[in-house]
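Some notes on the structure that comes next.
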């Protein structure tokens, strides 16, 4: 079983790109199961179902969607096994730009929107810097010069990344992505994350809604950089 | 050194084989790409920009000097053989003109000194001057377009030049075309404008996503092209007059009537 984890900024075209790649794999008689992780709502599962692949939907609700995806991976893998699939595709909703849900042997695909500005690659953190493939979408909406600068900035953050320029509407570039999926490694029984999830251990994490420091316990980082642990 | 590019036909939007199976464009030739909106002109240009290897939806294949380009040739901007002026009329990058041009010069392995040259050239094509410290996003459509033209001409100085609808931006299209199609380059121009279409050597006619046929510009068309250029100059002259706030007082179209009376 191969596992592909697709992360990226909201609205960058993760689903569209993945759907085109799924169709290409299907033409090669390779079977995929898809898990879509989102927070509150999505109808992307219907779009995936139209391709004719088994789809599972996970809504993390009030939890971090990446955390939710990470500790549910073994269940997703066994579900994909029971579907007799060659691939498990996991599309995450990563929002805070601090997580990277890729595991060591998965194929990490970061989908990033070229219209979001040339500094975006520097802002998004580990889900780009630890990805195997950076898929750049919406390049047709900007000039060639802006596209080339965007590419350079991605390489600044992740010099090893393979960059694929893709179009979620026409499917351009998605054949190349499917080829990369075919070259991916097999996942092991004991996968490990490439990058640790962010530090967040305080009373906000368990539901406190008051805003000031005096109401909170745990690891609190102040805006001047000073960090302290408050509590027992 | 690029002597020719070959476009091997793929499939149209319905998945039928394209009527034109192969197009060869030689060094120094200017090709037009014409056809109704939605007929696949920009996709054809896109295939050439990416040096497609049957990996796009048209399944076209592009060869350089009869050979497949390497992955590095296709993707590394320092080696890029293709400069493209797309249809976009605005920049989305949130930075100053000068900073943007130096970054692009770095990507293309060009010298930083060309930044001033690009701005100087852009200002010969557009009305209100562009300055180094202007924000890219506040430039007008015409200014952006002029800057894109100058950037393609100087920084992305590549042997293959693809131009998508240069007529749309209110800039001097003849000058822009001249700046872009330097000596010995392979040039493709997507256009709806008969003035530009008849200036090319041949034109690819697109239909339903496929290359329908290739038309060579006839001697008669070359003759008409000269007349069209005169009409265009006249229009340009009038446009400048209106732009400067002057009154248009006469219309000198005698040169057209003279030609037609000679024919009788």
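Residues considered: A:177, A:155, A:107. Largest GNM mean-square fluctuation over chain A, using C-alpha springs under 10 Å, is found at A:155. Just check region B:39-91 against the gyration tensor rule for me: Cα atoms, a ≥ b ≥ c as the square roots of the eigenvalues, rounded for a/c under 1.5, and otherwise prolate or oblate depending on whether a/b exceeds b/c. Oblate shape, in that a/c is at least 1.5 and b/c is the bigger or equal ratio. Taking the Cα centroid of region B:190-244 and of region A:34-61, what is the distance between the two, rounded to the nearest whole Å? Their Cα centres are 50 Å away from one another.
In this label model, residue A:170 and residue A:156 are separated by 2.9 nm, measuring between points 7 Å along each Cα→Cβ vector. Peptide A:159-172 is shielded by partner chain Cβ atoms: per residue, an average of 2 of them sit within 10 Å of its Cβ.
When only alpha carbons are used to place a centre, region A:161-183 and region B:2-33 end up 23 Å from one another.
Within the listed set B:148, B:95, B:188, the Gaussian network model of chain B (springs between alpha-carbon atoms below 10 Å) gives the highest mean-square fluctuation for B:95.
Across region B:14-74, the convex hull enclosing all Cα atoms gives 103 Å³ per residue.
Take each residue in B:52-60, count the other chain C-beta atoms within 10 Å of its C-beta, and the mean is 3. Annotation: the antiparallel percentage among DSSP beta bridges lying fully within chain B is about 55. The GNM of chain A, with springs linking C-alpha atoms under 10 angstrom apart, assigns the highest mean-square fluctuation among A:124, A:136, A:206 to A:206.
Would you mind giving the three semi-axes, in whole Å and largest first, of the ellipsoid equivalent to region B:27-167 according to its Cα gyration tensor?
Values: eigenvalues 155, 68, 34 Å².
Those come to 28, 18, 13 Å.
Secondary structure note: in the protein assembly as shown, about 35% of the DSSP beta bridges are antiparallel. Working note: Debye formula, equal point scatterers on the alpha-carbon atoms of region A:130-232, no solvent; log10 I(q)/I(0) at q = 0.10, 0.12, 0.16, 0.20 Å⁻¹ is -0.58, -0.73, -0.85, -0.99. Most simply put, chain A has about 15% antiparallel DSSP beta bridges, counting only bridges with both residues inside it.
By definition, a body whose alpha carbon gyration tensor gives a ≥ b ≥ c is prolate when a/c is 1.5 or more and a/b is larger than b/c, and region B:92-223 fits this prolate description. Taking the three principal axes of the alpha carbon atoms in the protein assembly as shown, the coordinate ranges are 100, 54, 39 Å, sorted in descending order. When only Cα pairs below 8 angstrom with a gap of at least 6 residues are kept, region A:2-182 shows a relative contact order of 28 percent.
Per 0.36 nm of contour for each residue apart, how much would the distance between residue A:40 and residue A:57 grow if the chain were fully extended, relative to their Cα-Cα spacing?
Working: separation 17, 0.36 × 17 = 6.12 nm, distance 1.12 nm.
Between residue A:40 and residue A:57, full extension yields 5.0 nm more.
Computed over the Cα atoms of chain B, pair by distinct pair, the Kirkwood hydrodynamic radius stands at 19.9 angstrom.
If you take the alpha carbon atoms of chain A and fit the smallest convex hull around them, that volume is 141 Å³ per residue. Pairing the Cα long axis of helix A:73-82 with the longest principal axis of chain A, what angle in degrees results, from 0 to 90 and rounded to the nearest 10? Once rounded, the angle reads 30 degrees.
Relative to the current alpha-carbon distance between residue A:229 and residue A:81, full extension at 0.36 nm per residue lengthens the span by 48.9 nm. Once the mean of 1/r is taken over each pair of separate Cα atoms and inverted, region A:1-58 shows a Kirkwood hydrodynamic radius of 12.0 Å. Computed extension gain for residue B:68 through residue B:243, at 0.36 nm per residue and net of the alpha carbon distance, reaches 58.1 nm. Across peptide A:135-144, the mean count of Cβ atoms from other chains lying within 10 Å of each residue's own Cβ comes to 6.
The mean sequence separation of alpha-carbon pairs under 8 Å and at least six residues apart, normalised by the residue count of chain B, gives a relative contact order of 25 percent.
The distance between label points at residue B:27 and residue A:213 comes to 7.0 nm (points 7 Å beyond Cα on the Cα→Cβ vector).
Throughout, read-outs are computed from the coordinates displayed, never taken from laboratory work. All of these numbers come straight from a predicted model, not from anything done at the bench. Note that we place each Cβ from the backbone using ideal geometry, even for glycine, and neighbour counts take in every protein chain shown.
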